[in-house]
Amino acid sequence: WGGFAHITIAYIASNFVQPQTQAYFQHLLRSDDKPDYLASVATWADSIRYTKWGHYTGVYHFIDAKDDPPSTCSVDLARDCKAEGCVVTAIQNYTSQILDPEMPAWLRAQAAKFVVHFVGDIHQPLHDEDVARGGNGIHVQWHGRDYNLHHVWDSSIAEQWVGGVHRKPYAEAEKWAAELTNMIESGKFANESEAWLEGVDFEDQVGTALTWAREGNAYVCSHVFPEGPKAIVGQELSGEYYEKAAPVIEIQVARAGYRLAAWLDLIAAAAA
Ligand code: DCM
Ligand code: DCM
Ligand code: DCM
Ligand code: ZN
Ligand code: ZN
């Protein structure tokens, strides 16, 4: 995701975490009494991945499912997770680092920033797909200008959905998060939000993340490449395609925020 979706997911999570979870992560992140303690670290993992020291973390943002959309979508850990790792194993690895009493606090804080970011990324369908490096190599049009498909799913669709955002989109993200929080609590997602936590098992962290990756990957067949990867090349996506994709992005951002809250609650409970 781009910054706007990551920050929105973090704000949704802050709306749902238990008070003791908030206190635990505010303290770990040296943000005591700050309401933006999760939102302000949500994009940090993207800011370090292009540095020399952070280069090794690049593969942790995605899993390259070698499936065959639109006829077959699937994620297989043994087939798709690189030897260096992937988003599924990164969630487990950094979750355990937060809870490792042998680790210095600054590294445990860094691990927390990775978890906040990667629980977001695993919900972006193209972060669960191999084709053209998750759509980065597929040229499309957005309002008559050249983009790659990955960027359209990371940023363009969500930003159009809310009517545009600023370069530092904290205010717009907080507003969208408030709207999605209402939908989860009492609106159109209220009936299904508890089911979003089915399959969340702190004793099987890889299995939990794999469930999330498979759910995201299924949208690659239904909404990202409904006619296959070749058919989308050069297409203008800001019209009919956008109308079908935007609700997928809305529910994936809502799920990511709600699940991130549940995951952080489990971490804080395990630390207590
Ligand atoms: N930031 C912002 N508005 C907020 C919170 C953070 O513009 N409400 C920006 C300031 C920093 C970055 O995000 O460039 C990370 O914030 P921090 O270093 O305070 O965590
Ligand atoms: N950050 C940190 N340690 C660093 C660099 C940044 O903890 N060495 C944190 C501060 C912000 C977030 O990462 O919460 C984003 O950094 P920036 O303000 O540089 O955008
Ligand atoms: N990405 C992905 N799958 C890949 C490669 C990259 O989902 N196989 C994502 C990570 C970034 C974006 O695409 O969000 C751009 O990555 P990069 O700058 O590494 O090309
Ligand atoms: Zn991306
Ligand atoms: Zn990322």
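A compact table of results
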item	result
FRET efficiency, 1/(1 + (r/R0)^6) with R0 30 Å, evaluated for Arg79 and Leu107 via beta carbons	0.45
Acute angle (nearest 10 degrees) that the helix 240-271 long axis makes with the longest principal axis of the chain, alpha-carbon atoms	20 degrees
Cα-projected label distance for Trp53 with Lys244, points at 7 Å along beta-carbon direction, nm	4.6 nm
Label point distance in nm, Ser96-Val206, each placed 7 Å from Cα along Cα→Cβ	0.9 nm
Choice from Ser193, Ser47, Ser156 with maximal GNM fluctuation in the chain (Cα, 10 Å cutoff)	Ser47
Square roots of five times the Cα gyration tensor eigenvalues for region 81-120, Å	18, 11, 7
Hydrodynamic radius of region 1-43 per Kirkwood, over alpha carbon pairs, in Å	10.3 Å
Alpha-carbon Rg/Rh ratio, for region 123-245, with Rh computed the Kirkwood way	1.00
Separation of alpha-carbon centers, region 1-77 and region 163-182, rounded to whole Å	16 Å
Principal axis box of region 203-250, alpha-carbon based, largest edge first, Å	44, 23, 13
More than 17 Å apart - percent of Cα-Cα pairs taken over region 46-137	52 percent
Dimensionless Rg ratio for the chain, taking C-alpha atoms and the 2.2 N^0.38 Å reference	0.95
Folded to 0 to 90 degrees: helix 170-185 orientation relative to the chain principal axis, Cα	90 degrees
Diffusion constant of region 152-214 at 20 °C, which comes from Stokes-Einstein with the Kirkwood Cα-pair radius and 1.002 mPa s, µm²/s	153 µm²/s
Diffusion coefficient, µm² s⁻¹, Stokes-Einstein with Kirkwood Rh over alpha-carbon pairs of region 192-272 at 4 °C and 1.567 mPa s	88 µm²/s
Highest-first arrangement of 116-127, 52-63, where packing means the average Cβ count within 10 Å	116-127, 52-63
Within a Gaussian network of the chain (alpha carbon springs, distance under 10 Å), most fluctuating of Arg108, Arg145, Arg133	Arg145
Angle in degrees between helix 105-121 and the longest Cα principal axis of the chain, rounded to the nearest 10	30 degrees
Equivalent ellipsoid semi-axes - Cα gyration tensor, region 1-95, angstrom	29, 16, 13
The chain - mean residue ellipticity at 222 nm from DSSP helices (-39,500 (n - 2.57) per run, n ≥ 4, rounded to 500)	-15500 deg cm²/dmol
Percent carbon-and-sulfur accessible area, the chain, ignoring ligands, DNA and RNA, probe 1.4 Å	51 percent
Gained length - Lys175 relative to Ala270, 0.36 nm times residue gap less alpha-carbon distance	31.1 nm
Added length on full extension, which subtracts the Cα-Cα distance from 0.36 nm per residue, Lys66 to Arg145	25.5 nm
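The values are calculated or read from the model by the stated rules, or taken from the named source; none is laboratory data. The model shown is predicted, which means the values in this text are computed figures rather than measured ones. For neighbour counting, all protein chains shown are included, and Cβ atoms are generated from backbone atoms with ideal geometry for every residue, glycine included. When the accessible area is computed, the model is the full protein with side chains, heavy atoms only, and any ligands, DNA or RNA have been set aside. Shrake-Rupley method; radii C 1.70, N 1.55, O 1.52, S 1.80 Å.
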